[in-house]
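Scroll down for the structure; my scribbles are underneath it.
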Amino acid sequence: GEAKAKACGAMSKLGFRNNTNVLNMIKHHGMLDALTELLNGATNTFKVQVQAWRVLQNCVSGIDEVKVIICSSERLLGYLKTACTCSLEEVRMRAVSVVMHASSNDESVAKLLKANIPEGALKMVMGSEDEQTATRVRATLASANLCGREERSILSTAPEMLQEIVKVLQHALEETEYAGIKWSLAGVLLPLFNLSCSDTNKLELIECGTVALLLQVVRTCRRKQHESYLELALRTLANLTFNDEARDQMLQQETVELLKLVANQTQGEGSVSKRVAQDLIFMLGEGPKVELTRVASGIKRQARSPEAGLGAEEHSHIMISYSWLEKKKNVVQLTDMLRTRGLDVWRDEEGSSLVRKMSGSSMEIMAEAIEVAKFVIVFVSRAYRDSYNCKLEGKYAQIRERAGLAHIVYVMMEEDYTPQSECSVDGWLGMMIGDSIWYKGWDSAFLPEAAEAIETTVLRSTHQCFLRQPEGVAFPALNPYAPPHPAPVPPFPAGGVERTNSTMPRMGAPPRAHNLRILSQPPGGVSPVARTVSAHPGQPSNLGTLPSMLRRQHTYPNVCEDDG
């Protein structure tokens, strides 16, 4: 036993903040299996177990590849769950620390969740008042990374621990110890960002004074030019702006002036911090008031009589709203299918015939894409739910739908995250979808069916289809995608339609005024012409509160480091 403990001690020294040594040790044939065997409390002494966990603690606090290798061992994860709930205090502390560090990597998170680490290991540690504060804080930080974005999670069992995270942030800023530990700023910013994605958790964070501390982080990181920390702090603030109290706190603390300094200081259009700062400036500025005027004027335009003639009609397109982080290939594939059917579709990287593609940070372009759209396709995923940009797009589209100006179509991108799955769509996105009809999109095999259903929905929402001849282009004899006769509007049953996952068009609202721009290819390969699809205008409903504006969120950096 003594020899094993000494060997582990030597490995700990070799691996302490030395990524090269760590990688060589963990990838050495048989090393991880041997180290895992030392975690067995039935065959090893307390001293050996502590030293073995110490080795893993040092290894997992470094590079992501090692985190994934360690979390890929089911046997090791079994010992991890046991150690987190055992009676040996130091073993428990080091095991929880391993989970905390591993949880900063997305691939490791998936493996830890599959092993039920939050419920099976961390919940008891967080809820125990007899546990050391430092260990409870580590368990809470790990839980925030693992399930902090969910509306329903183990964090609801210990809301007081969210206050502890805010205290840790304050001490990390001041570079002072808390609960005997000198915590790193990186180690707490990522959990805070994850927590801010949940409407439930953000309420607790705002009450604890998180906004003021995050603004202090922005000032400090701007001065020291810590780009990755700055980006996380800005993204967390962006998530919090959906709460009125947090927004008011930002405006009272001259946040816009600070953000302008960040946007001007950060070099290059490719800087993520620069783009997020520009988004926040817009979100805290006059943008919402401007957009409210746009929507109101749009209602007036749509309310014109159908007999007003072609001059009163306006073209429109289909807008694609999605997260880059979830099956982007399927989104692109479905977009292409719709275009081959003659539909004019806007996607951020390509644009449409009416609105140019996104470039740099431009919420105005994204807003225009939604305003011109008579149909918005929302690709539903956890990544979409967690993105402040996607939330802005979805909320704005929903307000326009309520006003009778747009129609939202939902495509599910994760089989285990639908309105009917065990882990159903939750939070603001679940409320937005409600009992709407939706289509499967998580497998490419479902996309042709979804494309056909969406085209049917577009055509059935109209009363007449006709071609408009652009200047200097020969008028085609027939649009190959147009029906031979105008598609009739089906009658609406008194009780609506039964909610189902079929490909029937959604019929839960009255016909709206649609002037959808549909591209068709004339004979001889001449450039596309457009036909306009129009319908009787519906009665606009109340707008409610208009959300702030829109830009897509990119992957956040993995910056969690050793907490010292």
Stretchable slack from His171 to Glu257, in nm (0.36 nm times residue separation minus alpha-carbon distance): 28.4 nm
Mind listing P(r) for segment 1-73? All alpha-carbon pairs, 5 Å bins, whole percents. 3, 19, 30, 26, 15, 6, 1
Long-range amide H contacts for Tyr178: which residues qualify at under 5 Å (H placed 1.01 Å from N, peptide plane, sequence gap of 5 or more or a different chain)? Trp183
Please give the charge dipole size of segment 1-45, origin at the Cα centre, charges +1 on K and R Cβ atoms and -1 on D and E Cβ atoms. Round to the nearest 20 debye. 220 debye
Taking the alpha-carbon centroid of each part, what is the distance from segment 377-431 to segment 208-278 in angstrom? 26 Å
Tell me the Rg and the Dmax, in Å, that the Cα atoms of segment 48-174 produce. 13.6, 40
Heavy-atom accessible area with a 1.4 angstrom probe orders Phe46, Phe375, most exposed first, as Phe46, Phe375
I'd like to know how segment 188-284 sits against the 2.2 N^0.38 Å rule of thumb: what's its Cα Rg over that expected value? 0.98
For segment 358-430, count all C-alpha to C-alpha pairs, find those more than 14 Å apart, and express that count as a whole percent of the total. 61 percent
Cβ-defined net charge surrounding Thr220, 11 Å radius [Lys, Arg +1; Asp, Glu -1]: +2
In whole Å, largest first, what are the principal axis extents of the Cα atoms in segment 184-227? 33, 18, 15
Find how much the distance from Glu350 to Glu89 grows on full extension, using 0.36 nm per residue of separation minus their present alpha carbon separation; answer in nm with one decimal. 88.3 nm
Once ligands and nucleic acids are excluded and a 1.4 Å probe is used, how much of Lys274 is accessible, expressed in Å² to the nearest 10? 30 Å²
Which of Lys202/Lys260; Lys27/Lys224; Lys167/Lys328; Lys114/Lys391 have a Cα-Cα distance over 32 Å? Lys27/Lys224; Lys167/Lys328
Mean-position separation - Cα centroids, segment 28-64 and segment 84-147, in angstrom: 17 Å
Taking 66-75, 400-409, 231-240 and ranking on average Cβ neighbours within 10 Å, highest first, one gets 231-240, 400-409, 66-75
Explain nothing, just the number: dipole magnitude of segment 157-211 about its Cα centre with +1 on each Lys and Arg Cβ and -1 on each Asp and Glu Cβ, in debye rounded to the nearest 20. 120 debye
Considering amide H positions built from the backbone, and no H for Pro or chain starts, which residues 5 or more places from Trp442, or on another chain, come under 5 Å of its amide H? none
Of Tyr396, Tyr229, which has the most accessible area and how do the rest follow, probe 1.4 Å? Tyr229, Tyr396
For segment 1-129, give the percent of accessible area contributed by carbon and sulfur heavy atoms, probe 1.4 Å, rounded to a whole number. 53 percent
State, to one decimal in nm², a quarter of the convex hull surface area for the C-alpha atoms of segment 312-470, i.e. the direction-averaged projected area. 9.7 nm²
Can you list the residues, at least 5 places off or on another chain, whose amide H is less than 5 Å from the amide H of Leu343, using H built in the peptide plane? Leu519
Integer Hz, Karplus 6.51/-1.76/1.60 couplings in order for segment 182-190, x for Gly and Pro: 9, 7, 8, 5, 4, x, 10, 5, 5
In the structure shown, do any of Lys357/Lys395; Lys6/Lys123; Lys67/Lys182; Lys274/Lys329; Lys182/Lys274 have a Cα-Cα gap over 24 Å, and if so which? Lys6/Lys123; Lys274/Lys329; Lys182/Lys274
First select every other residue whose beta carbon is under 10 angstrom from the beta carbon of Val96; then total the charges, Lys and Arg +1, Asp and Glu -1. +3
How large is Rg over Rh for segment 136-224, taking Rg from the Cα atoms and Rh as the Kirkwood inverse mean of 1/r across Cα pairs? 0.95
So which lysines can Lys327 reach, going by Cα to Cα under 17 Å and dropping same-chain residues fewer than 8 places off? Lys440
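The values are calculated or read from the model by the stated rules, or taken from the named source; none is laboratory data. Bear in mind that the values here come from a model prediction, so they are computed numbers and not experimental data. Cβ sites come from the backbone with ideal geometry, for glycine too, and all protein chains shown count toward neighbours. For accessibility, only protein heavy atoms count, side chains too; no ligands or nucleic acids. Shrake-Rupley method; radii C 1.70, N 1.55, O 1.52, S 1.80 Å.
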